[in-house]
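Below is one structure, written out as structure tokens; comments come after it.
The values are calculated or read from the model by the stated rules, or taken from the named source; none is laboratory data. A quick note: this is a predicted structure, and the numbers were derived from the prediction, not measured. Note: ideal-geometry Cβ built from the backbone for every residue, glycine included; neighbour counts use all protein chains shown.
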Amino acid sequence: MFSSKAHKLLAALVLGSVVALAGCGGGGQSAADPAGNTQAAPAGKKVLNIGLKADPPSMDPMVSTSLYDRQVQNSIYDKLFDISPDGKIVPMLVNEYKVSEDGKIYTFTLKEGIKFQDGTDFNAEAVKFNFERSLGEKSKRRGELKLIEKVETPDAKTVVVTLKSAFAPFISVLTDRAGMMVSPEAAKKYGDDYLNHPVGTGPFAYVEHVKGDHITLKKNPNYWNGEVKLDEVTYKVFTNTSAAVQNLRSGMVDIIDEIPVKEIPTVQKDEKLTAITEANMGYQGIYLNNTKEPFTNQYLRQAVDRAIDREAVVKVLFDGYGSPAWSPFAPGSMAYSEAIDKAPKPDPAVIKDLLAKGGKPGGFSFKLQISTTPANEQFGAVIQNMLKQYNINVELEKVEYGTMLENGDSGNFEALQLGWSGRVDPDPNFYDFVVTDMPNNNANISVPELDEVMNQARTEQDEAKRKELYTKAMEILHENAGYSYIYHNYDKFGVSKKVTGFTYVPDGIIRVAKVDKQ
Amino acid sequence: MMFIVKRLLLTIPILILVSIMTFSLIHMIPGDPARVILGQEATPEAYQALRTELGLDKPIVEQYFSWMGKVLSGDLGMSITDHVPVIDLISQRLPATIELTIGTFVFALVIALPAGILAAVRRNTWVDYTSSFAALGGMSIPNFWLAMMVIIYFTVENNWLPSSGYVPFSEDPKANLMAMILPCLATGLRESAVLMRMLRSSLLEVINMDFVRTAKAKGLNEVKTVLGHVLRNAMIPVVTTSGLMIAGLLGGLVITESIFSIPGFGRLIVESVFKRDYVTVQGAILVSALLVVVVNLLVDLLYAVIDPRIKAGKGA
């Protein structure tokens, strides 16, 4: 009945298990070999490990749609312009530039002697190639650059860009992916597969991308803007942010791109680490659909907008690591002023009055669409509770993210929670969201006066005058209340004290050109 | 031999069914893939262009057959977001998950076998109570919490083992094994609880059978009776559970993979769903189904080894 074969099988199973355990025990006992030593870097090399929340899918700025791409791309590519730590736009590959009086012709004089990592020259032809590539059919940058009429190169260091109409935010667009310069040689050589073989002029050159795991870059020894101190930078994917914090604490990574709010005290208490918490350019809020009941009524929109206690939202949801908002302009923005970004404290008398004017003195109900992440559900619950005390009943509708985007496009909602990751210039954070018939104007806001002011603002070259126009636009929007701005997001970086030379820049990009590791 | 052929033939309709289900599921998820891929930066032209590029403008039946045609010739398509062949993505990710599954299973067995046997043999003593209590704890503790505690204790507090930094075994075997110990331990502890409970109850059933009493009456000592007679007869439910466990682990180690930052197969599926990279999702789920079928086949074969009556078509 019991064959000896079966005995052997079972015996082998048990024995195998024991051997495996013994082997594992051995691993555990080699405690003298600290965990960090298992990392792939050979001794003597300075390697900076950065933890990212998601895997950056594309290293080609032309086709990139993921925000995580930008973290890595900024190490591989230089841009025509950059953002300084105080949020100002500064020339990068451009030496100096002029704008014609009508705001339509931009003349860029390029820095000289710069080479791509593949040894080819960076020059006016390369810039022209990049603009044309970004205007091509497969490009995701077309929208940002669509006003370009023509690009000319009178000599090797001069590029003249003519726009179809004046567009003040043009330079700011060139501080991001649309301004990243890829090597024309490499782009031609690899075609559609270029995204897996990126070449720029930046401080680090691409080595490999193991999808879903890590991206390795190595020092560009010929970098034009000062010696690069690190030998390698590795971007590792940690989809679990709490696990990323533990890896930061144990020294497996040196910088992480997000500390969950609840873990911030842990990082702050750890004397080997620094927590950097700064408001970025993004915002979150609620669309109130101007063309759907009950929000066809301006007073009811205002009632909701004025009843939200932003300070409390930020406190409850983020322990204070968020900045209350009443406009799309974060504290670092040139259009920011407290007068337009600080909402008045909710006043029951004002809200009662608005409800009465709106014909609903006894309160009303509406449906708020939120996406299904725990953070958004919590947000929905907070808003629901806040409005309840004024007899405004919020019915939460949890919708899948894709459906929510579609509902936003088609106007199939009463209220909908969706924010924006933010750009440095005020225009891309504002124009498409509030001007009549623009693609992200989900609330169908249509105020002719607002449209006029917004169009003036995008052609006005003078910064002070632009700021005045945005202030005026925001005042009009506060009246309309078609979008209720609620808070500005915070960047929450964790940085090891071994890292030196790291400075926070309000576009949320971790810049590594000047970083060193002790 | 006939037994194996029969089992293999049965897998064909299963796989066809799975392929249809996978294909329709991803098209049933609310939200157009092209819309989600482009996100808030979408323009109407880009949206239309992407739909055409992905073939989403064709009838769904046509989409299915053109996909199946390619699958049969071994081409699972190109990932929408990563622009590399799906088969490459899967073959990059699968080894880590297979290793993690084997490691988890080994840890689980090492703990469950002795604990289960002792609990059954020393029934209603402190040994039984302690191991049953521990198993209940093991099953109740959430996986992510246990994984976090393991990291805090072994890496942050004591710096004994790495909490991330997976490297393929072929590149650096030592670093690979070091990086795999904690994830295997964290999931193994939990799975061992399931196996131990199963082994204990199955042993208890067998231990009271007549042939065991006979063996004891013939003068066999307890160790020989249990290891030589009882264990083998109690193994069938344990093998079944193990098979299900392994099949589940191969696609379902997402949490462990994400906490320990292992580029595994489970994470590939989940991340692809979020990115609406439906070509990858389809390919990965199909491969996952194939793995379940293979594991089940192996389990069936193992039944036949443990209990020859099954092969002859007589036994349970």
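Among the residues of the stretch A:142-179 satisfying the criterion of being closer than 23 Å to A:P198 by Cα and touching a helix residue (DSSP H, G or I) at 6+ places or on another chain (Cβ under 6 Å), which is surrounded by the fewest Cβ atoms within 10 Å (Cβ to Cβ)?
By that ranking, first place goes to A:L145.
Tell me, which residue of the stretch B:73-88 that is among the hydrophobic types (A, V, I, L, M, F, W, C) and at pLDDT below 90 is farthest from A:P56 (Cα to Cα)?
In this case the residue turns out to be B:L76.
Being under 24 Å from A:E475 (Cβ atoms), at pLDDT 95 or above and assigned to a strand (DSSP E or B), is that true of even one residue in the stretch A:398-415?
Yes, the stretch A:398-415 contains at least one residue that is under 24 Å from A:E475 (Cβ atoms), at pLDDT 95 or above and assigned to a strand (DSSP E or B).
Scan the stretch A:99-133 for residues that are hydroxyl-bearing (S, T, Y) and in contact with a strand residue (DSSP E or B) (Cβ under 9 Å, 6 or more places away or on another chain) and jot them down.
Scanning the stretch A:99-133 gives A:S100, A:Y106, A:T107, A:T109.
Kindly provide the set of residues from the stretch A:38-80 that are surrounded by fewer than 20 Cβ atoms within 10 Å (Cβ to Cβ), away from every other protein chain (no Cβ under 14 Å) and either at pLDDT 85 or above or in contact with a helix residue (DSSP H, G or I) (Cβ under 8 Å, 6 or more places away or on another chain) (or both), ordered by number.
Residues satisfying the conditions are A:K45, A:K46.
In this structure, is A:T291 outside any helix (DSSP H, G or I) and either of a type in the set (S, T, Y) or closer than 30 Å to A:M404 by Cβ (or both)?
yes
Select, from B:L25, B:L109, the only residue that is within 14 Å of chain A (Cβ to nearest Cβ) and touching a Gly at 6+ places or on another chain (Cβ under 9 Å).
Exactly one residue qualifies, and that residue is B:L109.
Just checking, which of B:G248, B:G243, B:G266 is part of a helix (DSSP H, G or I), touching a residue at least 24 places away in the same chain (Cβ under 8 Å) and away from chain A (no Cβ under 12 Å)?
Of B:G248, B:G243, B:G266, the one residue that is part of a helix (DSSP H, G or I), touching a residue at least 24 places away in the same chain (Cβ under 8 Å) and away from chain A (no Cβ under 12 Å) is B:G243.
Name the single residue, out of those in the stretch B:194-219 being within 12 Å of chain A (Cβ to nearest Cβ) and without any contact (Cβ under 8 Å) to a residue 40 or more places away in the chain, that is surrounded by the most Cβ atoms within 10 Å (Cβ to Cβ).
Only one residue fits best here, namely B:A215.
If you take the residues in the stretch A:159-209 that are of a type in the set (G, A, S) and within 14 Å of chain B (Cβ to nearest Cβ), which one is farthest from B:V84 (Cα to Cα)?
Selected residue: A:A178.
Please work out which one of (1) of a type in the set (D, E, K, R); (2) at pLDDT 95 or above; (3) loosely packed, with under 15 Cβ neighbours inside 10 Å is the condition A:K88 fails and give its number.
(2)
A quick yes/no check of all residues on (1) in a helix (DSSP H, G or I); (2) under 30 Å from A:G87 (Cβ atoms):
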| residue | (1), (2) |
| --- | --- |
| A:V159 | no, yes |
| A:F167 | no, yes |
| A:T175 | no, yes |
| A:Y190 | yes, no |
| A:L195 | yes, yes |
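What pairs come up if the first residue lies in the stretch A:456-475 and is under 16 Å from A:S333 (Cβ atoms), the second is part of a helix (DSSP H, G or I) and among the hydroxyl-bearing types (S, T, Y), and their beta carbons are under 9 Å apart, counting only those six or more places apart or on different chains?
Every condition considered, the pairs that remain are A:A457/A:Y431; A:A457/A:Y470; A:R458/A:Y431.
Just the residues that are in contact with a strand residue (DSSP E or B) (Cβ under 7 Å, 6 or more places away or on another chain), in contact (Cβ under 8 Å) with a residue 24 or more places away in the chain and among the aliphatic types (A, V, I, L, M), please, taken from the stretch A:137-168.
Within the stretch A:137-168, A:V151, A:V159, A:V160, A:V161, A:L163 meet the criteria.
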